[in-house]
Amino acid sequence: MYFSDEEGNRIPDFGYAGYRGGGVDLPEIPSVVVLNPSGSGDDTDQIQQALDMVGGMEPDLEGYRGAVMLNAGTYRISAPLVIGHSGVVLRGAGSGADPAENTVIIAAKEVGEISDVVIRVGNGATNWSSAEGSPVTE
């Protein structure tokens, strides 16, 4: 139980946060598309095409369409990526900064279309909200 102080302030209870309220393992969604970075160019189109392709697939009984897996390496993007269909997962390797073992997405800072939002979830026609990414900028 959390009690308020004399000014009405209290510590919020985030015990319900997380997938399905927390305490539940994330589902293992199979990778339908596996990508490697181009190595020298813009990876926006290949990633977006994969997201759109998986978005066009029929969802399974639980509502999942599949995952797009970005293998370890550096991916350069010049426009926000849009996950416009429910049941689509964008997955990377690792959680560190070394592209030899982890997926690193670098958003082109000089491109006007890229802002603080690098990965947008939803198509604007639903009640989904945009998810701000944590881009590495050049």
By how many nm would the segment from Asn71 to Glu101 grow when fully extended, if each residue of separation counts as 0.36 nm and the alpha-carbon distance is taken off? 9.9 nm
Take Val33, project a point 7 Å from its Cα along the Cβ direction, then tell me which residues of segment 55-81 have their backbone nitrogen under 12 Å from it. 55-57, 66-70
Inverse of <1/r> over all distinct C-alpha pairs of segment 1-80, i.e. the Kirkwood Rh in Å, gives 16.3 Å
Label-point separation (nm) for Asp25 and Leu61, each offset 7 Å from Cα along Cα-to-Cβ? 1.9 nm
For segment 58-72, 3J(HN,Hα) per residue [Karplus equation, 6.51 cos²θ - 1.76 cosθ + 1.60, θ = phi - 60°, Hz, x = Gly/Pro]: 6, x, 6, 5, 9, x, 8, 9, x, 10, 9, 9, 9, 4, 4
Under 5 Å between amide H atoms, partner at least 5 residues away or on a different chain: which partners does Tyr75 have, H built in plane at 1.01 Å? Val104, Ile105, Ile106
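Every number here is computed from the coordinates shown, using simple stated rules; none is lab data. Because the structure is predicted, anything quoted here is derived from the model rather than measured. So basically every Cβ, Gly included, is an ideal-geometry build from the backbone, and we count neighbours across all protein chains shown.
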